[in-house]
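Shown next, in structure tokens, is the structure this report addresses.
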Amino acid sequence: MRIINIELPLKSEEIKMFTIRDKLLISGVLYTARDQAHLRLTQLIKEGKPLPFNLADSALFYCGPAPTPPGKVCGAIGPTTSARMDKYTPLLLENGLKVMIGKGERSRVVTEAIHKYNALYLICVGGISALLVQSIVSCETFCWKELAAEAIYRMEVKNFPCYVATI
Amino acid sequence: MTYIRTISKKMIYDAIIDAIGQIYCQSTPETIAMINNALTIEEDDVAKDMLKAMLLNEELAAKEKLPICQDTGIVVVFADIGTAVKIENGSLYSIISQAVTDVWEKYYLRDSIALEPIRCFSSNPSKTKDTLQPVILHLSEIPGNKLELHISLKGGGAENCSTLKMFNPTATINEIEDFIVDTVVSSGGKPCPPVFVGIGIGGDFEQCAILAKRALMVPISPFEKKPEYKKMEERLLNQINQKGKGIQGFGGKTTALKVNILSEPCHIASLPVAINIDCHAHRCISITI
Ligand code: SF4
């Protein structure tokens, strides 16, 4: 198992260097998005409206954080099942998305779109929140606060552990 | 004359706060031992790395009182009520629901319930509760004057991989086992393996599903079962693990930690089989009041 430190945003040449099952320790900015946020992002694209952040500059983390306890950087975090985002993913990839972090397999359509757009799907171990929060430098609600755990959060991470699943 | 024991609202409320306070930050000791065992037999380096992360997480979470998983799920309670028990001041549901609501705030757990399941039917689709958090409660009677509560925090990812099939009564054991193995294996990494597989066989449509859920709870085998079922559990565990889906669906020797079957009589026309999956973040506890 290779262990590689990477900084977001990733360059296309960097993505080509990875192989499946590499362990990546990621530093940079992630935006969380679950089902409801995907629905909204997709609607914005279809209506030709600007997105709240640049898809190409960061990574989408399929995650709904728990509330932040006082004195902590963030509440419990971790990946949710990626397959639920499959129906929205090809459109996001077409619009510049490069890196996704979640858990579990992707559909054939998404896998093909990942190849086509030279993107990267990483898995993160589910059910290890206490360990993952150690890699979080900051976490704040970025937009759509009314969606609570399903809002988009901006997370700065340092050496966040993932594994290459689809490339 | 039967002596009726009155159990106060406060006793139940306090016991639930205490029980959930123990499990949100720690899997059952039995689970941790099984993960340790999975690590010992594992040869794949990525699988080992992931198992080590799970064990380290258990340690950290317990020490720092942090949730082992951000999805602390929906609360499922099997309440076995002694026939000589009277519950004072309120329904058991409202007591549990109040305790769950309060413990969620106390430990900063994530609200993961959609009050309206079809989100577009609600003007506030992210609403998680009115005043109290909804819970799932299964009631049954037992002899005596005790109240037994079997409590589980059930995450959504593993729950989504569950299924139920109404077989014909002449279905072969092979057909049933193939269905169970396929269900678990085709779930891949979605339910965060290594998983627990709870199986209900028999009953009717809903009883079968409830049996499968109960099969996931601790104590994991409180029920008498025929040696045939024990053998079936062993065969299923072997078959599932031989397929090699492994840790988080990323390969390895262990996909399932345990298979537990519960059965009940059923109609001569039916043979329902339900599979309920739980993840390695196996948070359940049994308490007696
Ligand atoms: S399946 Fe279990 S471990 Fe995985 S995210 Fe859901 S609750 Fe957590």
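Bear in mind these aren't lab numbers, they're just calculated from the coordinates by the rules spelled out. This is a predicted model, so every value here is computed, not measured. Because the Cβ atoms are built from the backbone with ideal geometry, glycine has one as well, and the counts that use them run over all protein chains shown.
Does region A:56-128 come out rounded, prolate or oblate, given a ≥ b ≥ c as the square roots of the eigenvalues of its C-alpha gyration tensor, rounded meaning a/c under 1.5 and, failing that, prolate meaning a/b above b/c? Here region A:56-128 falls in the prolate category. On the beta carbon distance between B:Glu43 and A:Leu25, with R0 = 35 Å, the FRET formula returns roughly 0.90. Note on region B:240-289: Kirkwood radius taken over Cα pairs, Stokes-Einstein applied at 20 °C and 1.002 mPa s, translational D equal to 153 µm² s⁻¹. Volume of the convex hull of chain A (Cα atoms only), normalised per residue: 99 Å³. Counts of other chain beta carbons within 10 angstrom of each beta carbon in peptide B:70-79 average 3. For A:Val137, the residues whose amide H sits under 5 Å from its own are A:Glu156, A:Val157, A:Lys158, ignoring neighbours fewer than 5 places away on the same chain, with H placed 1.01 Å from N. Placing +1 on the Cβ of every Lys and Arg and -1 on the Cβ of every Asp and Glu, with no other charges, gives region B:156-284 a dipole of roughly 440 debye about its Cα centre. Each of B:Ile118 and B:Thr170 was given a label point 7 Å from its Cα along the Cα-to-Cβ line. The distance between the two points is 4.0 nm. Over chain B, dividing the summed -39,500 (n - 2.57) contributions of all DSSP H runs of at least 4 residues by the number of residues returns a 222 nm mean residue ellipticity of -12000 deg cm²/dmol. Is region B:1-148 best put as rounded, prolate or oblate by its Cα gyration tensor, with a ≥ b ≥ c the root eigenvalues, rounded for a/c under 1.5, and otherwise prolate when a/b is larger than b/c, oblate when not? Since a/c reaches 1.5 but b/c is at least a/b, the shape of region B:1-148 is classed as oblate. Computed from backbone phi, the HN-Hα couplings of region B:276-289 come to 10, 10, 10, 8, 5, 7, 8, 9, 8, 7, 10, 10, 10, 10 Hz, rounded to whole numbers (Karplus: 6.51 cos²θ - 1.76 cosθ + 1.60, θ = phi - 60°; Gly and Pro given as x).
Taking only the alpha carbons of the protein assembly as shown, we obtain Rg and Dmax values of 22.5, 82 Å in that order. Taking amide hydrogens as placed 1.01 Å from N in the peptide plane, the amide H of A:Cys63 sits under 5 Å from those of A:Ala33, A:Arg34, A:Thr80, each at least 5 positions away in sequence or on another chain. Along its principal axes, region B:156-284 has C-alpha extents of 42, 29, 27 angstrom, given from the largest down.
Straight-line cross-link reach from A:Lys158 at under 20 Å between alpha-carbon atoms covers these aspartates and glutamates, not counting any fewer than eight positions away in the same chain: A:Glu7, A:Glu14, A:Asp22, A:Asp57, A:Glu140, B:Asp49.
Report note on the peptides B:68-75, A:136-143, B:254-261: ranked by the mean count of other C-beta atoms within 10 Å, highest first, their order is B:68-75, B:254-261, A:136-143. For region B:110-183, a/c is not less than 1.5, where a ≥ b ≥ c are the root eigenvalues of the C-alpha gyration tensor, and a/b does not top b/c. That puts it in the oblate class. Between B:Ile136 and B:Ile4, the modelled labels are 3.2 nm apart [label points 7 Å from Cα along Cα→Cβ]. Taken over the Cα atoms of region B:139-224, the convex hull encloses 128 Å³ per residue. For B:Lys226, a cut-off of 18 angstrom between C-alpha atoms picks up these lysines, skipping any fewer than 8 places away in its own chain: B:Lys258.
Assuming a viscosity of 0.890 mPa s and a temperature of 25 °C, what translational diffusion coefficient in µm² per second does Stokes-Einstein assign to region A:4-57, Rh being the Kirkwood radius over Cα pairs? The Stokes-Einstein estimate is 184 µm²/s.
Amide H contacts of B:Lys190 (H built 1.01 Å from N, in plane; Pro and chain starts excluded): A:Glu105 sit under 5 Å, all sequence-distant by 5 or more or on other chains. For the pair region B:23-83 and region B:239-272, the centres of their Cα atoms are 19 angstrom apart. In a solvent-free Debye calculation with one equal scatterer on each Cα, what is log10 I(q)/I(0) for chain B at q = 0.14, 0.17 Å⁻¹, listed in the order of the q values? Computed log10 I(q)/I(0) values: -1.09, -1.43. In the structure shown, the pairs A:Lys145/B:Lys65; A:Lys72/A:Lys116; B:Lys52/B:Lys213; B:Lys65/B:Lys213; A:Lys98/B:Lys253; A:Lys87/B:Lys165 are assessed against 30 Å; a Cα-Cα span above that value is assigned to A:Lys72/A:Lys116; A:Lys98/B:Lys253.
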